[in-house]
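> Before anything else, here's the structure in question.
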Amino acid sequence: MREALRWLLALTVLIGTLSTAGVATAAQTGQVTDIKDQLLAIPGMSLVQEKPYTGYRYFVLNYTQPVDHRHPSKGTFQQRITVLHKDVSRPTVFYTGGYNVSTTPSRSEPTRIADANQVSLEYRYFTPSRPAPADWSKLDIWQAASDQHRVFKALKPIYTKNWIATGGSKGGMTATYFERFYPRDMDGVVAYVAPNDVVNKEDSAYDRFFTKVGTKECRDRLDAVQREALVRRDSLEKKYAAYAAENGFTFTTVGSLDKAYEAVVLDYVWGFWQYSLLSDCDTVPANAATATDDEIWTSVDTISGFSFYTDQGLDPYTPYYYQAGTQLGAPTIKFPYIEKKYLRYGYQPPRNFVPRSIPMKFQPNAMRDVDGWVRHHADHMLFVYGQNDPWGAERFAVGKGSKDSYVFTAPGLNHGANVAGLTADQKTLATARILAWAGVPATTTAQAKALAPYDAKLDRQDVQREPTLRP
């Protein structure tokens, strides 16, 4: 075993050396000064597009990655990257969304706080960053962390100042897993609303959450609409069938229109709290029993989306559901206010949302390992959660072995919680720590504030409305 580990370490070092040697030489000799030329001098890096943005250079790139970092000779694929370049003298934020990468210039909150460069990485197996043919066994958190490690090693000779990893939701999970497997790469981690499903079969924390979130009036409204959508199943499924036929939607993966319908309806309450605020309760029908079919349909469709559990809706998220069913885990909650006669399937497992041609086997130790590591070894890590976000019911915690690490909760906020939404004292502390980790500390903690001015286009913090039961 030790011989194998020594061989693997040596190979990893060799790959990293080969990836960065060209850039290091160019930078040291002064032969390359333009940032685009420096990026394209990296072996395996190619330009897709450069987009203009005032005050920055913005690049969409492809980078050649091994399909299997343990056996790099067994095939490669092109992984999409974007670089929002400020200046090589500034720190760099490594952003991961956990899904597809946006090719529109934007800044994460830590990027604005530190006035930093930002490197954003598309998660492996989300198209177009998918090997062909796709060996799905190579889609796991270690392989993804190793993708990130290689990108960091390739870019570090250019962006030599401090680096901070960040991401929201599955992106926050990704940033955390990267730190777990490569703890020496980053100078800090800021993980937003990152779920932590340590024991996949034990989800009572979610059930408790839904008995306390918001107000009783709002909870009762939502529960009633959800139940009514199942009571009126026959009439609303006719509407669903017509909707599917009109749009060419099919249900091969989930199995039937009936299964898809129930899945959408059962996402309703969760989806409201994930994406909405307590003040949005006024948009929910006040009396579900007297509401029209169209009112019930519109409310459910607006929050859950009847298109999602179709084959066409599920297909882009196959990599997520594969990971949920093999390593990440997935929540299951109970519906005590809905009579059993109205429930045919309950919360369906990720296996139901992945084509049967793709084999899956759950690995129960993956999340336990990460959770234990964070509790005992977290160093320079900040976790931010929203008080009313269901995904925060199972969250990361830092323990006695952690150093300079924090878990904060933004009052009243949802899955879009951020540092700006924290209480004043926590916001100041979090901002000060981010600046310190980025290597540009404020004179005092009390003086800590974002270094870059707000930009309405770059810094828009809309919560992306995506399928509900995925972080």
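> By per-residue mean of other Cβ atoms within 10 Å, what is the highest-first order of 265-278, 94-107?
Ranking the peptides 265-278, 94-107 by packing returns 265-278, 94-107.
> Relative contact order of the chain, please, whole-number percent, based on alpha carbon pairs below 8 angstrom and at least 6 residues apart.
Contact order relative to length: 16 percent.
> Is the stretch 57-141 best put as rounded, prolate or oblate by its Cα gyration tensor, with a ≥ b ≥ c the root eigenvalues, rounded for a/c under 1.5, and otherwise prolate when a/b is larger than b/c, oblate when not?
Prolate shape, in that a/c is at least 1.5 and a/b is the bigger ratio.
> Does anything in the stretch 105-139 have its amide N under 18 Å from the 7 Å Cα→Cβ label point of GLN447, and if so which residues?
Inside the label zone: 113-115.
> What ranking do 345-356, 141-152 get when scored by the average of other Cβ atoms within 10 Å per residue, highest first?
Answer by packing, highest mean first, reads 141-152, 345-356.
> Here are some pairs, LYS201/LYS361; LYS259/LYS340; LYS51/LYS153; LYS238/LYS334; which of them have Cα atoms lying more than 21 Å apart in this structure?
LYS51/LYS153; LYS238/LYS334
> Still on this structure, I have one more. So what are the ³J(HN,Hα) numbers for the stretch 129-141, from phi and the Karplus equation (6.51, -1.76, 1.60; θ = phi - 60°), rounded to whole Hz, Gly and Pro as x?
With the stated coefficients, the stretch 129-141 comes to 7, 10, x, 10, x, 8, 8, 5, 5, 8, 9, 8, 5 Hz.
> Okay, moving on. Could you check what % of the DSSP bridge pairs in the chain are antiparallel, to the nearest 5?
Given both bridge residues lie in the chain, the antiparallel proportion sits at roughly 50 percent.
> Relative to the longest principal axis of the chain, what angle (0 to 90°, nearest 10) does the C-alpha long axis of helix 365-377 take?
60
Here, each number is a calculation from the coordinates, and none is a lab measurement. Bear in mind that the values here come from a model prediction, so they are computed numbers and not experimental data. Cβ sites come from the backbone with ideal geometry, for glycine too, and all protein chains shown count toward neighbours.
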